[in-house]
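Written out below as structure tokens is the structure these notes cover.
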Amino acid sequence: MDNLSRLLKESWALVEDQQEEVAGYFYARLFLSNPELRDLFPVQMNVQRARLLKAIVRSIQTIDSPEQFDDYLRSLGRDHRKFLVEPRHYDLVRDALLEALREHGGERWSLAYEQAWRDAYDMIAARMQAGAADDPNPPFWEAVVLTHERRTPDIAVFTCRPEYPFTYRAGQYVSVEVPRYQPRLWRTYSIANAPTEENVLEFHVRAHGAGWVSGALVRRIQPGDVIRIAAPMGSMTLDPTSTRDVVCVAGGTGLAPIKAIIGELARYNRTRWVHVFFGARTRDELYDLEALNALAAQYPWLTVVPACSEDPDFAGEQGLVSDVVARYGPWHEHDFFVAGSSAMVKATLRTLSELQVPSIRVKYDAFTDS
Ligand SMILES: Cc1cc2nc3c(=O)[nH]c(=O)nc-3n(C[C@H](O)[C@H](O)[C@H](O)COP(=O)(O)OP(=O)(O)OC[C@H]3O[C@@H](n4cnc5c(N)ncnc54)[C@H](O)[C@@H]3O)c2cc1C
Ligand code: HEM
């Protein structure tokens, strides 16, 4: 371990047990010294659910060589423009962070520790700022909701049209804000269709308990409402040079990026077999099965295998979708796309590794709460 990461780990151990106090101090210090920054953050903020400090600490602890994470940090910086972050804010956040750590580090906190946090933060912040400065796009696009359909009490499929042409690749995701109901709260959602000439985007969203943004997207927005979307991110996209057959594994609304990928293949594919495994707990939660079956009837290269894990009356496959994939195959020569909850993605990656699928052929997005 190099000296910088040793100092970061040692010093974090001094404050780790007091994360809530550190966070409380950080936000109080940030907003007292710079009241204008309060408007960048969600209206309702409680320390457990506030994201910035947790995200910075996690980045500093995991990114030991910023060169390796250059693309990620540049796109994080680009994406931060959606919060209306300006270059001068970076030092203000760093100063509040250092003060919160110093205040809680106790007697063993040292200048060497402080310098380590400063250096690590500055290396990351420089890459984020470079990414933001190089981006010719607007910080976000406003998009009008065109259609909104509740497929189950918790799942909605909706479409919207961004105000300007929006360029992305099938399989990517975007940050979404619902300014009318949850201003300044951004969450990521996968785009569920391949790019269209009409500039229309489709989303599939599941409301998570008391979840703020997903609740608004499923239960509140209506045609005519305006939402905001930030620049596309993610690399779960088709390799145009690959000729291998494709296996897609979707759990619940993890179907969204998979459907976009099928949509793109539908434009040009004649030769690649595509198997889609679509899993949910019950038949009702297979909320888009009719549309998938219609695609399978239209395209001879497409096979759809639905599966339910908690619905014994369901006539298709029974069990977790990760286990169902293993019953088919062999899968040695395929490109894989996997999307869904982090538990579902983890289980599927484990199955694929047991089936000796080379990890380089597997692309995935886990719908964790970032
Ligand atoms: C790359 C990526 C792509 C994604 N694509 C999709 C997609 O296409 N479709 C989709 O449906 N989702 C997708 N997600 C998930 C999505 O980004 C959100 O995480 C999800 O919608 C929950 O956001 P929220 O604001 O509704 O919940 P939050 O308010 O952030 O809450 C998160 C969780 O905490 C729980 N919670 C609520 N209140 C509290 C409280 N007071 N204390 C503690 N916990 C609480 C909520 O019930 C919820 O389970 C994706 C995620 C990623 C990372
Ligand atoms: C090293 C520097 C920084 C890193 C690594 C970082 C990282 C992150 C990450 C990963 C998130 C969560 C992702 C998301 O919600 O889209 C986030 C959220 C956020 N960041 Fe940053 N950030 C940094 C600096 C800043 C600065 C200087 C500001 C300006 C004040 C800022 C403002 C925000 C805001 C407002 C949020 C959302 C907070 C919330 O919803 O609770 N960030 N940051």
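No lab work stands behind these numbers, since they all come straight from the coordinates. Quick caveat: nothing in here was measured; it's all calculated off a predicted structure. Counting neighbours? That spans all protein chains shown, and the Cβs are built from the backbone with ideal geometry, glycine included.
See the values below:
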| quantity | calculated |
| --- | --- |
| Dipole magnitude (debye, nearest 20) for the range 108-195, charges at Cβ of Lys, Arg, Asp, Glu | 300 |
| FRET efficiency estimate (nearest 0.05) - Cβ-Cβ, Gln222 to Glu36, R0 25 angstrom | 0.15 |
| Ratio Rg/Rh [Cα only; Rh per Kirkwood] for the range 66-109 | 1.14 |
| Within the chain, percent of DSSP bridges classed antiparallel, to nearest 5 | 50 |
| Gaussian network model of the chain, Cα within-10 Å springs - most flexible of Tyr27, Tyr328, Tyr189 | Tyr328 |
| Whole-Å distance, taken between Cα centres, linking the range 88-154 and the range 271-292 | 37 |
| Once the Cα gyration tensor of the range 287-370 is diagonalised, semi-axes √(5λ) in Å | 21, 17, 14 |
| Tilt relative to the chain, helix 3-15 - C-alpha long axis, 0 to 90 degrees, to 10 | 80 |
| Distance histogram for the range 212-370 (every C-alpha pair counted, 10 angstrom bins, percent rounded to whole numbers) | 10, 38, 36, 14, 2 |
| Top of Met123, Met236, Met45 by mean-square fluctuation, Gaussian network on the chain, Cα under 10 Å | Met45 |
| Volume per residue of the C-alpha convex hull in the range 145-269, rounded to whole Å³ | 109 |
| Convex hull projection area averaged over all views, the range 23-104, Cα basis, nm² | 5.8 |
| Relative contact order %, the range 294-370, counting alpha carbon pairs below 8 Å whose residues are six or more apart | 24 |
| Cα-centred dipole magnitude for the range 8-124, charges only on beta-carbon of K, R (+1) and D, E (-1), debye, nearest 20 | 440 |
| Rounded to 10°, Cα long-axis angle of helix 19-33 versus longest principal axis of the chain | 70 |
| Cα centre as origin, Lys/Arg/Asp/Glu Cβ charges: the range 298-370 dipole, Debye | 300 |
| Computed over the range 214-310: relative contact order in percent, which uses C-alpha pairs under 8 Å that are six or more apart | 26 |
| Candidates Ala170, Ala50, Ala13, ranked by Gaussian network fluctuation over the chain, Cα under 10 Å, top entry | Ala13 |
| Where a label projected 7 Å from the Cα of Arg180 along Cα→Cβ would reach, residues of the range 205-247 with amide N under 20 Å | 205-208, 211-230 |
| Within straight-line cross-link reach of Lys363, lysines at Cα separation under 17 Å, skipping those fewer than 8 residues along the same chain | Lys259, Lys346 |
| Volume per residue of the C-alpha convex hull in the range 252-332, rounded to whole Å³ | 97 |
| FRET efficiency, 1/(1 + (r/R0)^6) with R0 25 Å, evaluated for Thr62 and Asp134 via beta carbons | 0.55 |
| For the chain, radius of gyration divided by Kirkwood radius, i.e. Rg to Rh on alpha-carbons | 1.00 |
| Estimated inter-spin distance, Asp95 and Val144, nm [label 7 Å along Cα→Cβ] | 4.5 |
| Spatial extent of the range 304-344: Rg and Dmax, with the Cα atoms as the point set, Å | 11.4, 34 |
